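**Q** Have a look at this one before I ask anything.
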Amino acid sequence: MNFENESWKPVVNFEGYYEVSDMGRVRSLGRRIRSAITHSKKQYRRPRILRGGTVGGRYRNISFCVEGVETTWLVHKIVMEAFVGPTPDGLEINHKNGNKQDNRLDNLEFVTHKTNMIHARETGLLVTPRGEASGGAILNNAQVSVIQTLLATSTLSYTQIAKAFGVSRTTISQINAGRTWRHLLGDYTLPIRKKPSQQR
C-alpha cells in the first residue's frame, strides 16, 4: 500500500490525541501523559501508528486512552466521521470491495441496510444456510436425494412419499418444484414430476 500521498485528520472527539488517515491508518500524537506513580504529566509518549485489533476476525478496531479512560472504536467509522461526517440516520457503512480490513476512504460508502445486505450476498460475505445446514430443516441431504429419485422414477403419490418420510404433502410438492433443496437437484429438470395424475 502506497502511503506517499496519505492525508491525515484529527479523530472526531479525540482531537489533539489521535489522527486517522484516508488510508485507514490511525496514529497517536506525541504528548505528555500522567505518570501512574506520581500522577503528574511527566512521561512523554512518542507519536506512533496504532496496530489495533479485530472484531470477530473481521472489522478492525482501535483502542484510545485519554486521561486514563480507554475506549474502543471501529476504524471504518473513525475514517468516515473524520473525512465525510457522521453516519446519516438510516444508513450504515459498507466496504465496497467486501474486505472488512480495507478501511481506505475510497473503499467506504454510506448505504442503506438493504443495499448492504445485497452487497454482502453478491460478494459472498453473507451466505444463507441451505438444506440440512438450516436450523429448521426436518429432512437431511440423503433423505431429500431419495425423495427426488422417487419423484423422478416412481409412481408414488406426493402423499405416499410424504407419509414415508414423516413430512407434509406440501413439503414434497416444494421439493418437486425446486422451491426448497434446489441445490441437490443435480441433473433433474424442474418440476421433477410433470404428470398431474401422479401428484395426488
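**Q** What pairs come up if the first residue lies in segment 135-148 and is within 19 Å of ARG193 (Cα to Cα) and aliphatic (A, V, I, L, M), the second is at pLDDT below 85 and surrounded by 12 or more Cβ atoms within 10 Å (Cβ to Cβ), and their beta carbons are under 6 Å apart, counting only those six or more places apart or on different chains?
**A** Listed pairs, sorted by first residue: VAL144/TRP181; VAL144/LEU184.
Okay, residues lined up against (1) buried (at least 17 other Cβ atoms within 10 Å of the Cβ); (2) among the aromatic types (Phe, Trp, Tyr); (3) modelled with pLDDT under 90; (4) part of a strand (DSSP E or B):
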site: THR54; (1), (2), (3), (4): no, no, yes, yes
site: ARG60; (1), (2), (3), (4): yes, no, no, yes
site: ALA82; (1), (2), (3), (4): yes, no, no, no
site: THR87; (1), (2), (3), (4): no, no, no, no
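**Q** Given ARG169, ARG179, ARG193, ARG200, which one is of a type in the set (Lys, Arg) and modelled with pLDDT of 85 or more?
**A** Going through ARG169, ARG179, ARG193, ARG200 in turn, just one is of a type in the set (Lys, Arg) and modelled with pLDDT of 85 or more: ARG169.
**Q** I'd like to know if segment 15-27 contains one or more residues that are basic (Lys, Arg), under 19 Å from the mean Cα position of the chain (by Cα) and either surrounded by 13 or more Cβ atoms within 10 Å (Cβ to Cβ) or modelled with pLDDT under 90 (or both).
**A** no
**Q** For segment 143-180, enumerate the residues that are at positive phi and under 33 Å from the mean Cα position of the chain (by Cα).
**A** GLY178
**Q** Mind checking which residues of segment 89-125 are in a loop (DSSP other than H, G, I, E, B) and touching a Leu at 6+ places or on another chain (Cβ under 6 Å)?
**A** Hit for segment 89-125 is GLY98, nothing else.
**Q** Right, something else. Limited to segment 159-191, what total is found for residues that are outside any helix (DSSP H, G or I), touching a Gly at 6+ places or on another chain (Cβ under 8 Å) and surrounded by 14 or more Cβ atoms within 10 Å (Cβ to Cβ)?
**A** Qualifying residue count, segment 159-191: 3.
The values are calculated or read from the model by the stated rules, or taken from the named source; none is laboratory data. Nothing here was measured: the structure is a model prediction, and the numbers come from that model. Backbone-built Cβ (ideal geometry, glycine too); neighbour counts: all protein chains shown.
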